[in-house]
Amino acid sequence: MTKATLGSAEIAQVWLRAGVTGLGDSRVENLRTLRAASITARLTLIRSPMLTQVDAVVRQADVSLNTDIGVIRQLSAAAARAQRVHGVVLMVELGDLREGIMPDDLEGVAYETLRLPNLSLDGIGTNLACHNGVSPDATNMGQLAMLADSIERRFGLVLPTISGGNSGNLDWVLSGADPGRVNDLRLGESLLLGREPLHRRPLDGLHTDAITLVAEVIESGPKPSQPWGTMAQSTFGTTVRPERKGSTQQAVLAIGEQDTDCHALVAPLGFEVTGASSDHLVLDCGSSLPPVGAEVRFQLGYSALVRAMTSPFVSQVTNLRQAALAVS
Ligand SMILES: *Cc1c(COP(=O)(O)O)cnc(C)c1O
């Protein structure tokens, strides 16, 4: 899933060389970027299409994940206009309460999808661990398999894709559990950051520092550790104030909430992010103060990564030689 990289074709190519069998993104604009880079792999739109984008969706995506019959009808009409067959995967609600058709309604939506021209019912899927942190396990994955079996029996067909979920499914699948009928996972965060997202544990064989954020120091020196004057709210609410008295070694960096999620950054050892506003990030530097002009490198959580990749003020540099070495 390329959404966290703004549909980076360079990173997608590395993944394809490493054995990934298809690509997906939540934004049709990112799929267009991948197609424009002559990527021929199967592209899936993983967010239910906007009605205003159905024509673009059938042009850019081979498949889309769907939850709304009205949208599916419009996809059928758009696919007919484009003289294409568009793949539909029906997403089922299994407890996390973000997107998904309620299990009792699945058969009816499948029935109508099968009757619509220029669509193929490619499978069913679910998405957990996003809105309420519901963990994928033998129970909900078994429920997905049972739903797949019952749709196949009812309509006398085979569903090629049973998509079990996102990076949150890795704990379950790597625990040695029988994946049953699940033959597809949609992985983004785990491949980029090298951690499974349920407990943020590093994944065997993956790098946790494949992506770093570099910011430049624009002010550096001792500052009193406590503010003075009458206190009200600050720009973005939260400021961590060091407990100690006296002064701190403080660096101000030219990056802020406009560029990334400053609270999802991991500062180098000995440094602590004490707060950030839209354009300034304040670091308590302990005993080693970086001078003005120095670069400080951060590791990123997912929300920090997504925002850094989409900020026009952060340049994205891909070191492909290193990436290719890491794959081989
Ligand atoms: C974002 C997303 C994914 C990928 O999730 P990761 O946690 O990055 O692996 C998969 N499926 C859907 C529907 C998504 O929205």
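Where a number appears in this text, it was derived from the coordinates with a stated rule and is not lab data. Quick caveat: nothing in here was measured; it's all calculated off a predicted structure.
Can you classify segment 213-310 as rounded, prolate or oblate using the Cα gyration tensor, where a ≥ b ≥ c are the square roots of its eigenvalues, rounded means a/c under 1.5, and otherwise it's prolate if a/b beats b/c and oblate if not? All intermediate terms of the calculation are to be shown ahead of the outcome.
Numbers: a/c = 1.87, a/b = 1.28, b/c = 1.46.
Because a/c hits 1.5 or more and a/b fails to exceed b/c, segment 213-310 counts as oblate.
May I have the pair-distance distribution P(r) for segment 3-202, computed from all Cα-Cα distances with 5 Å bins from 0 and rounded to whole percent?
Here the calculated profile for segment 3-202 is 1, 8, 16, 19, 20, 17, 12, 5, 1, 0.
Using a Gaussian network model of the chain whose springs link C-alpha atoms within less than 10 Å, name the residue from Asp122, Asp209, Asp62 with the highest mean-square fluctuation.
Asp209
What is the log10 of I(q)/I(0) for segment 94-185, computed with the Debye formula using one identical point scatterer on each Cα and no solvent, at q = 0.14 Å⁻¹?
-0.50
Is segment 169-261 rounded, prolate or oblate when judged by the Cα gyration tensor, a ≥ b ≥ c being the square roots of its eigenvalues, rounded requiring a/c under 1.5 and prolate requiring a/b larger than b/c?
Details: a/c = 3.11, a/b = 2.67, b/c = 1.16.
Taking the square roots of the gyration eigenvalues as a ≥ b ≥ c, segment 169-261 is prolate.
With an 8 Å cut-off on Cα pairs and a minimum separation of 6 or more residues, tell me the relative contact order of segment 213-310 in percent.
Working: 209 pairs, mean separation 36.1, N = 98.
So the answer I get is 37 percent.
Can you tell me the relative contact order of segment 3-202? Whole percent, Cα pairs under 8 Å, sequence separation 6 or more.
Values: 370 pairs, mean separation 26.9, N = 200.
It comes to 13 percent, rounded to a whole number.
Could you check which residue among Gln13, Gln226, Gln143 shows the biggest mean-square fluctuation in a GNM of the chain with a 10 Å Cα cutoff?
Gln226
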